[in-house]
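Every number here is computed from the coordinates shown, using simple stated rules; none is lab data. Computed from a prediction, not measured in an experiment: that's the story for all the values here. Every residue, glycine among them, receives a Cβ derived from its backbone with ideal geometry; neighbour counts consider all protein chains shown.
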Amino acid sequence: MKRILVTLVILSIAMMTSCNLATPADTGSSVEVVMGGTEGARGYSFAESAAWVKINVVVASSGVQKGSGVLSKTAGVWKGSIHVSESGTMRFIATAGLDEEKVQVDWIGNSTLVMGSSGILTITVGTPTSDGSGYGPAGGKVFYDKGSYSFGWRYLEAASSNQSTAIGWSSISDVAVGPTAQGTGFGTGQANTTAIVGQGCSSGAAYLCDALTLGGYDDWFLPSKVELNEMYGKRVAIGGFTSDWYWSSSEFNNFNAWLHSFINGNQLNNNKFGNLYVRAVRAF
């Protein structure tokens, strides 16, 4: 897959003028965006054929958009500028369109912008690395790539921090959810979580992940046994884990569910009412 290079050149501080002298000056940075290449993060070929391209900038930690701009095409290269109103780690999203049709490129990457600074930031757009060093759309680290898109997803990204340090698997700890919550492999965490919450629980690890909104997304879930094991193997690159036990969404029976030690990598099943750590994931 060819890769798109998005080069960000932070220009001088843009100051907004106002007749009201009491209005604070805008200390945001004007950022020049230059986009080249032919393929987007999901393989959409838009840089050469698109009629328009728009860049949005989102603060990864809050999911709040902090800048946007429409690019224009000159001699085959997309150029334009956006205004960034806050310092911090940003997520860059490109939306491209051919006439009325638009394509959202869900993943570009993260980069840190500092208000008023100068320099060049280069972001490589394309297939996210799955070794825990690449970022997903919600600002979390990508830890799994199944190789191709199917059933609406290809990658798994982990939330950037723990969602709990002491919570049970579910508020219903003595009744089996059943086979719909007993998937253990890749791609089963979402179904497990949906089934657990569908049982009517009002709290717990699965409930917490299902209710989570982070990085502008609300489709988080509790990882399955195998998904959690993959996270353990890349825990250093993902970051933020504690040397303790974490819940998976994989049920074992009416009383027990699978958990994973982030101390030594062991996996075992234990009582659902135990208070363990939780880290949410999402698929894209």
Any idea how far apart residue 62 and residue 153 come out in nm if each label point goes 7 Å out from Cα toward Cβ? 2.8 nm
Projected label distance in nm at residue 85 and residue 131, using a 7 Å step from Cα toward the beta-carbon: 3.9 nm
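Pairs of alpha-carbon atoms within less than 8 angstrom and 6+ residues apart define the contacts here; what relative contact order does region 141-283 have, in percent?
Details: 337 pairs, mean separation 47.9, N = 143.
Result for region 141-283 is 33 percent.
For Cα pairs less than 8 Å apart in space and 6+ apart in sequence, what is the mean separation divided by the residue count of region 212-284, i.e. the relative contact order in percent? Can you show the working numbers first?
Details: 109 pairs, mean separation 23.4, N = 73.
Worked out over region 212-284, it gives 32 percent.
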Residues in region 259-279 reached by a label modelled at residue 175 [backbone nitrogen below 20 Å; 7 Å Cα→Cβ]: 271-274
Of the DSSP beta bridges with both residues in region 141-283, give the percent that are antiparallel, rounding to the nearest 5. 95 percent
Mind putting together the pair-distance distribution for region 141-283? All Cα pairs, 10 Å bins, whole percent per bin, short to long. 13, 49, 32, 5
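Full-extension gain between residue 74 and residue 191, please, as 0.36 nm times their residue separation minus the C-alpha to C-alpha distance. Write out the running numbers ahead of the final one.
Values: separation 117, 0.36 × 117 = 42.12 nm, distance 4.67 nm.
In short, 37.5 nm is gained.
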Under the 7 Å Cα-to-Cβ spin-label approximation, residue 146 and residue 244 lie apart by a distance in nanometres of 3.1 nm
